[in-house]
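In what follows, a structure is listed as structure tokens, so that the remarks can point back to it.
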Amino acid sequence: MAKRKISNTLALAVLGLLQEREMHPYEIAATLRERHKGGSFKINSGSLYDTVEALLGHGWIEAVEVTRDGRRPERTVYGPTALGQAEFVRWVDELVRVPAAEYPKFLAAVAYLGALGPRGAADALDERAGHLEARIAETADILPSIGLPRLFMIEVEFALHALRAELEWTRATAAEIRDGTLAWPGTEAATPA
């Protein structure tokens, strides 16, 4: 598979929003925030404008209009090109079909969980479980209030499932550490009854 010219997932978000309607970058950022997409894409003005420039440079989007509202600065409104539309569809298809190697920081830390010792590891996992519970509750509360069709927010549904699975694993592992069924170097694992 050929390396994609643009691989920043923020570019995917920009292309996705431009499928709905033409927008200027400020409106793109506002829409992403309004839809709580910060969990799916890192959103900041600098990287958004850089992404728009990259998409423009590769011919995936084009300026369709320059507007001015009163004394405010001019705003360039962008829309997708035929090439951008084709690349967007190809990119989404590839990301859905082919699992990519991802390197989550938590997974790296879990590889060295033993460094914390049994009590420290269990305490850290318990604290993480509390944070996960809060994120799950916050996300579950936000989802119905957005008012978009399910398909437009399906990644949030996926994220909730992933958070719940992580919470289940985190709680179970902390419990195994506390009850001694997870063998720890220098200790004997408890024999299940």
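If each of Leu116 and Trp169 carries a label point 7 Å out from its Cα toward its Cβ, how far apart are those two points in nm?
1.4 nm
Could the peptides 127-137, 95-105, 145-155, 166-176 be put in order, highest first, of the mean number of other beta-carbon atoms found within 10 Å of their residues? Walk me through the numbers before you get to the answer.
Working: 127-137: 14.3, 95-105: 7.4, 145-155: 10.6, 166-176: 16.4.
Highest-to-lowest ranking by the protection proxy: 166-176, 127-137, 145-155, 95-105.
Quick one: check the C-alpha center-to-center distance for the stretch 149-171 versus the stretch 45-85, whole angstrom.
32 Å
Averaged over every viewing direction, what's the projected area of the C-alpha convex hull for the stretch 31-90? Give it in nm², one decimal, please.
Dividing the Cα hull surface by four gives the mean projection, 5.2 nm².
Mind putting a number on the dipole of the stretch 1-137 about its Cα centre? Charges go on the C-beta only, +1 for Lys and Arg and -1 for Asp and Glu, and I need it in Debye to the nearest 20.
Working: 18 positive and 18 negative charges, 32 e Å.
Charge dipole of the stretch 1-137: 160 debye, to the nearest 20.
What residues of the stretch 162-187 lie in the reach of a label at Glu133, counting those whose backbone N is under 13 Å from a point 7 Å from the Cα along Cα→Cβ?
Output list for this probe position: 167-168, 171-172.
Based on Cα coordinates alone, diagonalise the gyration tensor for the stretch 78-177, multiply each eigenvalue by 5, take square roots, and list the semi-axes in whole Å, largest first. Write out the running numbers ahead of the final one.
Working: eigenvalues 247, 75, 19 Å².
Here the semi-axes work out to 35, 19, 10 Å.
Project the alpha carbons of the stretch 122-193 onto their principal axes and report the range along each, largest first, in whole Å.
Projected onto its principal axes, the Cα set of the stretch 122-193 covers 53, 20, 19 Å.
In terms of Cα to Cα distance under 15 Å, which aspartates and glutamates are near enough to Lys42, apart from those fewer than 8 places away along the same chain?
Counting by Cα, and skipping residues close in sequence, Lys42 has these aspartates and glutamates nearby: Glu34, Asp50, Glu155.
How much FRET efficiency would the formula 1/(1 + (r/R0)^6) give for Gln19 and Arg72, where r is the Cβ-Cβ distance and R0 is 22 Å, rounded to 0.05? Kindly include the intermediate steps, with their values, before the conclusion.
Working: r = 26 Å, r/R0 = 1.20.
Calculated transfer efficiency: 0.25.
Give me the 1.4 Å probe accessible area per residue for the stretch 78-171, excluding ligands and nucleic acids, in Å². Before the final figure, lay out the partial values.
Numbers: 6500 Å² over 94 residues.
Ligands and nucleic acids excluded, the figure is 69 Å² per residue.
Looking only at the stretch 72-99, which residues have a backbone nitrogen under 11 Å from a spot 7 Å from the Cα of Leu56 in the C-beta direction?
Zone members listed by number: 75-79.
Mean residue ellipticity at 222 nm from the helices of the chain, using -39,500 (n - 2.57) per DSSP H segment of n ≥ 4 over the full residue count, to the nearest 500 deg cm²/dmol? Please list the in-between numbers first.
Details: 7 runs with 113 residues, N = 193.
My calculation for the chain gives -19500 deg cm²/dmol from helical runs alone.
How high is the FRET efficiency between Leu148 and Val96 when r is their beta carbon distance and R₀ equals 30 Å, given to the nearest 0.05? Please list the in-between numbers first.
Values: r = 20 Å, r/R0 = 0.65.
Efficiency computed from Cβ-Cβ geometry: 0.95.
For Rg/Rh (Cα atoms, Kirkwood Rh), one of (i) 1.03; (ii) 1.00; (iii) 1.11 was computed from the structure I shared and the rest are decoys. Which label?
(iii)
I'd like the trypsin sites (Lys or Arg not before Pro) in the stretch 2-35 restricted to DSSP loop residues with at most 11 other Cβ atoms within 10 Å, sorted by number.
Details: sites: Lys3, Arg4, Lys5, Arg21, Arg33, Arg35; in loops: Lys3, Arg4, Lys5, Arg21, Arg35.
In loop regions of the stretch 2-35 (DSSP not H, G, I, E or B), the sparsely surrounded trypsin sites (Lys or Arg not before Pro) are Lys3, Arg21.
Tell me which GluC sites (Glu not before Pro) from the stretch 32-74 have a DSSP coil assignment and no more than 13 other beta carbons within 10 Å of their own. If you can, show how the numbers build up before the last one.
Working: sites: Glu34, Glu53, Glu62, Glu65, Glu74; in loops: Glu74.
Passing both the DSSP loop test and the Cβ count: Glu74.
Given H placed on each backbone N at 1.01 Å, which residues far from Val77 in sequence or on other chains put an amide H within less than 5 Å of it?
Val64, Glu65, Val66, Thr67
The values are calculated or read from the model by the stated rules, or taken from the named source; none is laboratory data. It should be emphasised that the depicted structure is a prediction, and the values quoted were computed from it without experimental measurement. With ideal geometry, Cβ positions are generated from the backbone for all residues, glycine too; neighbour counts draw on all protein chains shown. Side chains included, ligands, DNA and RNA excluded: accessible areas come from the protein's heavy atoms. Shrake-Rupley method; radii C 1.70, N 1.55, O 1.52, S 1.80 Å.
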